[in-house]
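Trainee: I have a structure here, written as structure tokens, and I will follow up with some questions on it.
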Amino acid sequence: MATKKLVVLGSVNADHILQVESFPRPGETVSGHGYRVVPGGKGANQAVAAGRLGADVSLIACVGDDDFGKRMINAFVKDGVQTGAVTTIPNTPTGIAIIYVDANGENSIGISAEANAHLLPELVEPHLSLLNSAHTLLMQLETPLITVEIMAKAAHLANKVVILNPAPARPLPDSLLANVTIITPNETETEILTGITVKTEEDAHKAANVFHAKGVDKVVITLGAGGAFVSDESGTRIITGFTVSPTDTTAAGDVFNGALATALLENKTMNDAVLFAHAAAAISVTRLGAQPSIPTRKEVEDFFV
Ligand code: ATP
């Protein structure tokens with residue numbers, strides 16, 4: 001089990017999920033089934049993945065003062081996520097996502113930040129001391145960018161490992177990338193950040209070099225069912241994932257990131273850490289929902305047997 005500490009900074013969302021045969025087109029109404037509201041948000045998903053997989057993890061985040069926010073804090077504790085830096089914002093709802101899942105397990109998502117928009121530098125400052133005892137900081141882009149930039153700089157200056165999952169996709173300043181140790185974009189995010197469409201291993205190699213030129217040490221481009229492309233001090237390679245029948249790929253990337261961070265904190269090699277993350281993410285895509293789909297440590301270990 002991990003002894004080095006992980007800090008995750010990011011979003012908490014209530015995911016409203018509806019299963020549909022195919023996504024509604026503009027002006028179209030489609031009938032769905034299986035409506036449910038489940039815990040989600042990239043920050044929360046990644047922290048819960050790390051917690052369920054055995055990491056010593058703290059979450060820096062904001063929830064609303066609604067029932068969902070209260071339930072989330074209790075759920076984090078059950079999943080082993082420390083919540084001392086989760087702030088409840090008065091008179092504000094918890095962040096929400098409206099998610100359609102189609103018959104192929106693909107998703108289409110609209111989000112509203114709500115309480116997540118309050119994760120600003122002045123709110124995070126009292127929790128900066130968490131970084132002192134941490135080894136790794138893991139962040140995404142569903143919360144204000146200015147806070148991500150400040151946290152990356154503080155962590156980099158303190159010689160911490162900074163993992164950035166640049167999702168949802170948006171252009172980023174070079175000054176932020178210079179403070180990132182490991183970047184974990186999917187193919188879409190890679191294209192938006194580097195201008196390179198990833199169709200081949202050669203394309204992934206070129207995109208990775210764009211990140212390296214901006215100061216990122218290690219690049220892990222996730223390729224969905226195709227696994228992941230890795231570029232680090234050992235060279236470049238594709239690490240193949242596991243073949244499963246997908247039910248819902250929501251949060252596959254989040255499970256991958258939480259698991260990758262957990263495995264690296266346990267001193268696994270990059271190759272072994274990516275394989276561990278592939279296994280956790282593969283299990284999650286066979287199940288519906290974000291946090292309900294995240295496997296436990298035992299489930300991942302059994303998956304390898
Ligand atoms: P999402 O936005 O759906 O959360 P993502 O686009 O951020 O995911 P992907 O590259 O699609 O990230 O997937 C991340 C990881 O999840 C992959 O590297 C792989 O380990 C796993 N994964 C995703 N889809 C599948 C699949 N169909 N079968 C097996 N593993 C999968």
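Trainee: Look through the stretch 226-236, keep the residues that are part of a strand (DSSP E or B) and either of a type in the set (G, A, S) or more than 18 Å from the chain's Cα centre (by Cα) (or both), and return whichever of them is nearest to the ligand (Cβ to nearest atom).
Mentor: Taking the stretch 226-236 first, the residues part of a strand (DSSP E or B) are 228-232, 235-236.
The next check asks that each one be either of a type in the set (G, A, S) or more than 18 Å from the chain's Cα centre (by Cα) (or both); those that pass are 228, 231-232, 235-236.
On the way: A228: 5, S231: 15, D232: 16, G235: 19, T236: 16 Å.
Only one residue tops the list, namely A228.
Trainee: Additional query: May I ask you to list the residues in the stretch 250-279 that are within 20 Å of P166 (Cβ to Cβ), near the ligand (Cβ under 9 Å from one of its atoms) and over 13 Å from the mean Cα position of the chain (by Cα)?
Mentor: V274, H278
Trainee: Where residues in the stretch 239-249 are more than 6 Å from the ligand (Cβ to nearest atom) and not hydroxyl-bearing (S, T, Y), which of them is nearest to E299 (Cα to Cα)? Don't jump to the end; show me each part of the working.
Mentor: Kept after step one, since they are more than 6 Å from the ligand (Cβ to nearest atom), are these residues of the stretch 239-249: 239-240, 243, 245, 247-248.
If we keep only those that are not hydroxyl-bearing (S, T, Y) as well, we get 239, 248.
Values: I239: 21, D248: 18 Å.
Among them, the one singled out is D248.
Trainee: For E125, indicate whether it is touching a strand residue (DSSP E or B) at 6+ places or on another chain (Cβ under 6 Å), more than 20 Å from D254 (Cα to Cα) and among the acidic types (D, E).
Mentor: Numbers: touching a strand residue (DSSP E or B) at 6+ places or on another chain (Cβ under 6 Å): no; more than 20 Å from D254 (Cα to Cα): yes; among the acidic types (D, E): yes.
Criteria not met by E125.
Trainee: I've got another one for you. Just give me the residues in the stretch 121-148 being within 19 Å of the chain's Cα centre (by Cα) and of a type in the set (S, T, N, Q), in sequence order.
Mentor: Residues satisfying the conditions are T136, Q140, T143, T147.
Trainee: Evaluate the stretch 111-129: report whether one residue or more is without any contact (Cβ under 8 Å) to a residue 40 or more places away in the chain, more than 19 Å from T181 (Cα to Cα) and of a type in the set (S, T, N, Q).
Mentor: Within the stretch 111-129, one or more residues are without any contact (Cβ under 8 Å) to a residue 40 or more places away in the chain, more than 19 Å from T181 (Cα to Cα) and of a type in the set (S, T, N, Q).
Trainee: What residue, among those in the stretch 104-120 that are within 10 Å of the ligand (Cβ to nearest atom) and either under 17 Å from the mean Cα position of the chain (by Cα) or loosely packed, with under 14 Cβ neighbours inside 10 Å (or both), is nearest to A44 (Cα to Cα)?
Mentor: As a first pass, look at the stretch 104-120 and keep what is within 10 Å of the ligand (Cβ to nearest atom): 104-107, 109.
From what is left, the residues that are either under 17 Å from the mean Cα position of the chain (by Cα) or loosely packed, with under 14 Cβ neighbours inside 10 Å (or both) are 104, 107, 109.
Working: N104: 25, N107: 19, I109: 17 Å.
Among them, the one singled out is I109.
Trainee: Which one of these is more than 20 Å from H127 (Cβ to Cβ), part of a strand (DSSP E or B) and touching a residue at least 24 places away in the same chain (Cβ under 8 Å): I60, I17? I'd like the intermediate steps shown before the answer.
Mentor: Values: I60 fails: more than 20 Å from H127 (Cβ to Cβ).
Among I60, I17, only I17 is more than 20 Å from H127 (Cβ to Cβ), part of a strand (DSSP E or B) and touching a residue at least 24 places away in the same chain (Cβ under 8 Å).
Trainee: Can you tell me which residue is nearest to the ligand (Cβ to nearest atom) among those in the stretch 203-225 that are among the aliphatic types (A, V, I, L, M) and within 30 Å of D15 (Cα to Cα)? Reasoning before the result, please.
Mentor: Of the stretch 203-225, the ones among the aliphatic types (A, V, I, L, M) are 204, 207-208, 210, 213, 216, 219-221, 223, 225.
Subset that is within 30 Å of D15 (Cα to Cα): 219-221, 223, 225.
Values: V219: 13, V220: 8, I221: 8, L223: 6, A225: 4 Å.
Ranking the qualifying residues of the stretch 203-225, first place goes to A225.
Trainee: Can you pull out every residue in the stretch 215-268 that is farther than 23 Å from S293 by Cα and polar (S, T, N, Q)?
Mentor: S231, S234, T236, N267 - these are the residues of the stretch 215-268 that are farther than 23 Å from S293 by Cα and polar (S, T, N, Q).
No value in this document is a laboratory result; all are computed from the given coordinates. In this text, all values refer to a predicted model and were calculated from it rather than measured experimentally. Note that we place each Cβ from the backbone using ideal geometry, even for glycine, and neighbour counts take in every protein chain shown.
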